[in-house]
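Inspection log for the structure reproduced underneath, given as structure tokens.
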Amino acid sequence: MNASHRRTCPERSRRTADGGKLMRIPIIAGNWKMYKTEQEAFQLASDLKQRLKDVDGVKMVICPPFTSLSSVKRAIENSPILLGAQNMHWEEKGAYTGEISPSMLLTAGCKYVIIGHSERRNLFFETDNFVNLKVKSALKFNLSPIICVGEKLDQREANKTEEVVENQVRGAFKDLNAKDAEKTVIAYEPVWAIGTGRTATPQQANEVHLFIRELLSSEFGKECAEKINILYGGSVKPENSRELLDMPEIDGALVGGASLDAESFGKLVRSAKQS
Ligand code: PGA
């Protein structure tokens with residue numbers, strides 16, 4: 001993949017040539033991080049169920065802390081909202097104090113699991129190898145991994161964004177085939193934009209998304225790459241979501257802070273429907 005080819009590559013339309021149908025259904029995923037007690041989580045999930053019961057055409061995922069998975073599952077029963085977790089171990093069981101296994105998540109009702117979030121990578125020293133083991137294990141257990149990648153500020157300033165993101169993507173997808181790869185979701189989250197109120201511009205984000213798509217295309221073929229949702233994350237809120245989600249390569253958002261409030265998460269979901 002060379003840079004000049006990438007820059008001149010025409011922006012792919014969100015719609016297919018024949019029927020104008022969306023190729024990828026946008027995903028809005030809420031990462032609740034270490035917020036909400038069980039009671040608070042139940043409350044928020046119940047509120048979301050009420051607000052979002054009529055939504056279609058957008059996949060909605062909420063990822064509460066482990067301790068609230070079962071109460072949130074109860075709260076969103078018979079609603080289109082799907083349950084996700086924020087992390088997992090790759091082994092099915094074992095002497096791993098403090099860890100949670102893929103089969104535990106599956107039986108708790110999870111469909112998605114966030115893997116390799118920058119907070120896990122930077123604060124808990126998760127490596128690309130760990131991320132890869134978790135991705136493979138999630139797929140084995142029929143959980144869709146939301147694989148997070150993104151550069152730090154000094155890396156962007158040193159023009160290393162593509163190098164960093166390429167290494168993370170290659171690391172995460174090591175040993176996968178196209179059939180597995182198409183079941184994944186990627187979240188591009190520049191670390192400097194997470195929780196800082198500083199968002200990548202839609203153009204900056206789209207450029208990296210396109211880079212990732214082409215990387216996937218060269219590894220797994222165009223057809224597979226076109227099926228993978230690439231979400232943007234980093235200070236997404238209702239005020240900026242439309243312009244981000246309108247970009248051709250941005251297929252949804254992974255949202256932290258703004259997912260903790262039912263009204264703002266509801267607005268985000270609706271903005272995805274309109275774009
Ligand atoms: P933020 O977090 O929306 O609060 O920036 C995003 C994330 O960490 O996934």
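Candidates Ala225, Ala200: the one that is modelled with pLDDT under 95 and either crowded, with 17+ Cβ neighbours inside 10 Å or more than 16 Å from the ligand (Cβ to nearest atom) (or both) is Ala200.
With respect to the conditions (1) in a loop (DSSP other than H, G, I, E, B); (2) under 15 Å from the mean Cα position of the chain (by Cα), Ala200 lacks only one, and its number is (2). Going by what's in this entry, would Gly116 be described as within 15 Å of the ligand (Cβ to nearest atom) and within 21 Å of Asp180 (Cβ to Cβ)? Here the answer is yes, as Gly116 does meet what is asked. The residues of the stretch 228-242 that are more than 16 Å from Trp192 (Cα to Cα), open to solvent by 10 Å² or more (accessible area, probe 1.4 Å) and under 14 Å from the mean Cα position of the chain (by Cα) amount to a single one, Asn229. Those helices (runs of 4 or more DSSP H) of the stretch 58-160 in which 3 or more residues are closer than 18 Å to Leu44 by Cβ and either open to solvent by 60 Å² or more (accessible area, probe 1.4 Å) or touching a strand residue (DSSP E or B) at 6+ places or on another chain (Cβ under 9 Å) (or both) occupy 69-75.
The values are calculated or read from the model by the stated rules, or taken from the named source; none is laboratory data. No experiment lies behind these values; they were computed from the predicted model shown. Virtual Cβ from ideal backbone geometry, glycine too; neighbours counted across all protein chains shown. Heads up: the accessible areas ignore ligands, DNA and RNA and are worked out on the full protein's heavy atoms, side chains in. Shrake-Rupley method; radii C 1.70, N 1.55, O 1.52, S 1.80 Å.
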